[in-house]
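Quick note: the coordinates plus some simple rules give every number you see, no bench work behind them. Note that the coordinates shown come from a computational prediction; the quantities given were computed from them, not determined experimentally. For neighbour counting, all protein chains shown are included, and Cβ atoms are generated from backbone atoms with ideal geometry for every residue, glycine included.
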Amino acid sequence: MQQEAELVLEAVTEFMRYIRLYVRDWEEAYLRFTVSEESSGIAVTYLAGHEAHFVDSDDEHEIEVMSLLSNCLAELQRKLGFKVALLIVRPSNDFKVLYEHRDSSRWEITKLDGRSGIPEGYLRRSW
């Protein structure tokens with residue numbers, strides 16, 4: 001379990017650095033990693049002013065960080081067998097990592113169809 005804990009800390013640390021580099025005055029940030037036989041993917045939003053926003057960057061550093069996070073979380077997935085992982089971080093360095101082993105649509109992050117951009121079904125008060 002130590003190797004899994006190290007992977008979690010690496011992912012959380014990189015995600016926290018990434019958010020702090022691109023975002024000011026944020027309250028909470030979310031990274032949703034999904035994996036299936038066909039593909040894997042990452043979605044990231046952050047909460048500021050009680051509204052979720054997508055990170056506005058599209059540079060080489062972002063691609064590098066997302067690749068590192070994807071590799072780290074894919075390795076963690078191979079060890080733990082989840083379908084979805086949700087990383088939640090706060091500026092105070094608090095973090096939470098949630099795993100879903102059955103429902104690959106859990107905690108979807110989208111603003112389509114009037115949705116908020118906060119992971120679906122995630123309750124902020126559940127800390």
Subject >> Residue within the range 36-59 that is without any contact (Cβ under 8 Å) to a residue 12 or more places away in the chain, over 16 Å from the mean Cα position of the chain (by Cα), closer than 17 Å to Y22 by Cα and assigned to a helix (DSSP H, G or I) present >> reply: no
**OP:** Could you check how many residues of the range 85-105 are over 15 Å from V8 (Cβ atoms) and of a type outside the set (S, T, N, Q)?
**Re:** 6
**OP:** Name every residue in the range 87-108 that is under 16 Å from W26 (Cα atoms) and either assigned to a loop (DSSP other than H, G, I, E, B) or of a type in the set (D, E) (or both), in order of residue number.
**Re:** R90, P91, S92, N93, D94
Subject >> Only one of E51, E10, E62, E75 that is within 17 Å of I109 (Cβ to Cβ) and in contact with a helix residue (DSSP H, G or I) (Cβ under 8 Å, 6 or more places away or on another chain) >> reply: E62
**OP:** Within the range 109-125, identify whether any single residue is in contact (Cβ under 8 Å) with a residue 12 or more places away in the chain and in a helix (DSSP H, G or I), and answer yes or no.
**Re:** yes
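Yes or no: L73 within 12 Å of the chain's Cα centre (by Cα) and either farther than 17 Å from L7 by Cα or in a strand (DSSP E or B) (or both)?
no
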Original post:
With respect to L76, is the statement that it is buried (at least 17 other Cβ atoms within 10 Å of the Cβ), of a type in the set (A, V, I, L, M) and under 21 Å from V23 (Cβ atoms) true?
Top reply: no
